[in-house]
Amino acid sequence: MSRRIAFIDRDGTLIWEPGPDHPTPYQVGGLADLRLLPRNLSGLRRLHDAGFDLVMVTNQDGLGTDANPTETFEAVNAKLFEVLASEGLVFDAVLVCPHRPEDDCACRKPRTGLVDDLDFDPDGSIMIGDRESDLQFAEALGVRGYRITDYANWLALVDAALADTAGRTAFIERTTAETSIQLSLQLDGEGRYEGSVANGFLNHLLHLVARHSLIDLTVQAEGDDVDDHHLVEDVGLVLGQALREALRERRGIRRYGDALVPMDEVLCAAAIDLGGRFAFETDYTPERDMVGALSTEMVPHFFQSLAVEAKLALHLRLLAPGRNEHHRIEAMAKAFARALRAAAEPDSRAASSIPSTKGIL
Ligand SMILES: [Mg+2]
Ligand SMILES: [Zn+2]
């Protein structure tokens, strides 16, 4: 994944901005004016710990003129950065527009001239400012914008921003006359599973998928008392929808994944393309009607429902079908999960690109 940047305005955002009645209206006139806004250090620390690079982007009207001397601007920055450094916080870049509105330059926020050369992940990056022009700048960059005045303090703002950019996660709630499902998913997880699913074998299957894909998965699902059809189908659909959401624009992933999984006498091959189009093919032919409370005919239907919603192509081949129904299904679940993990994983050699010659998935 490419870098996550927190673009941060200076005056009125990091530090106090004087009001209209101050000797230097709307301008930090010297070190005596330097005040950090509440919980600023704690908030920046939390951003830093969450993996954000800090980049300052500031409009300094007429910087270098008598009205806004460069020495004052730099003295304030030097003291500010000294304080931040004591907390281990460093700005990777300090980007300054020295112009006035009437100069009509390309670098004054909300214009993006100062940052056009930077490479960053827009979904994971943010802009923090205090003015409408900061939010417009965020919009022009395609990153989430936050206004400090909308929050009690810096820490509250950062907590909100971290929740919004938590990474490749999804939460889906779906209630119909037939089923009620809540599912949350963290693609870059550790394979943790918490399930409360009204079908023991389906619960087992989901547990295997989470464990072998290293996706963290929490599922609560209740069905009707007709049979297992609606429940299995709807859990498949919701899991597929969550995968689609968590994959976002599928930037920087490997896209293709495969796995060859033996389960005792059974050998299953799975191949996945996260290319945004649905396909599902399998040669699985059940020899029993049920495994526990799960109809075996619902197993391919589960994978199909999932693949439809996730917009992925999935091939599941039983190269050695073996003799045991339970083994066959487990082998398919594990092979699917391993292939999914491989396909969804970041490709470090193509970190910010969409893995398609079309440029879109
Ligand atoms: Mg400002
Ligand atoms: Zn400029």
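Numbers for the structure displayed
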read-out: Test for Ile5: is it among the aliphatic types (A, V, I, L, M), more than 16 Å from ligand 1 (Cβ to nearest atom) and under 30 Å from Asp116 (Cβ atoms); value: yes
read-out: Residue in the range 281-304 that is in a helix (DSSP H, G or I), surrounded by fewer than 17 Cβ atoms within 10 Å (Cβ to Cβ) and either in contact (Cβ under 8 Å) with a residue 12 or more places away in the chain or among the aliphatic types (A, V, I, L, M) (or both) present; value: yes
read-out: Filtered residues of the range 132-150 (kept if surrounded by fewer than 19 Cβ atoms within 10 Å (Cβ to Cβ) and more than 21 Å from the chain's Cα centre (by Cα)); value: Glu132, Ser133, Gln136, Thr149, Asp150
read-out: Of all residues making up the range 171-181, the number that are part of a strand (DSSP E or B) and out of contact with any Lys or Arg (no Cβ under 8 Å at 6 or more places or on another chain); value: 5
read-out: Given (1) modelled with pLDDT under 95; (2) in a helix (DSSP H, G or I); (3) touching a helix residue (DSSP H, G or I) at 6+ places or on another chain (Cβ under 8 Å); (4) of a type in the set (D, E, K, R), index of the condition Lys79 fails; value: (1)
read-out: Which listed residue is in a loop (DSSP other than H, G, I, E, B) and surrounded by fewer than 18 Cβ atoms within 10 Å (Cβ to Cβ), from Asp116, Asp92; value: Asp116
read-out: Pairs where the first residue, in the range 96-120, is touching a residue at least 60 places away in the same chain (Cβ under 8 Å) and the second is away from ligand 1 (no atom under 16 Å from the Cβ) and β-branched (Val, Ile, Thr), C-beta under 9 Å, 6+ apart; value: Val115/Ile5; Leu118/Ile5; Phe120/Ile5; Phe120/Val143
read-out: Residue that is nearest to ligand 1 (Cβ to nearest atom) [pool: residues in the range 49-69 that are closer than 26 Å to Cys107 by Cα and surrounded by fewer than 18 Cβ atoms within 10 Å (Cβ to Cβ)]; value: Asp61
read-out: Filtered residue count, the range 211-228, keeping only those that are surrounded by fewer than 17 Cβ atoms within 10 Å (Cβ to Cβ), in contact (Cβ under 8 Å) with a residue 24 or more places away in the chain and of a type in the set (D, E, K, R); value: 3
read-out: Out of Glu194, Glu190, Glu233, sole residue that is out of contact with any strand residue (DSSP E or B) (no Cβ under 8 Å at 6 or more places or on another chain) and either surrounded by fewer than 21 Cβ atoms within 10 Å (Cβ to Cβ) or not in a helix (DSSP H, G or I) (or both); value: Glu233
read-out: Test for Arg174: is it within 16 Å of ligand 1 (Cβ to nearest atom) and touching a residue at least 12 places away in the same chain (Cβ under 8 Å); value: no
read-out: Residue that is farthest from Pro38 (Cα to Cα), among those in the range 54-76 that are among the hydroxyl-bearing types (Ser, Thr, Tyr) and part of a helix (DSSP H, G or I); value: Thr70
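The values are calculated or read from the model by the stated rules, or taken from the named source; none is laboratory data. Everything numeric in this text was worked out from a predicted model, so none of it was measured. So basically every Cβ, Gly included, is an ideal-geometry build from the backbone, and we count neighbours across all protein chains shown.
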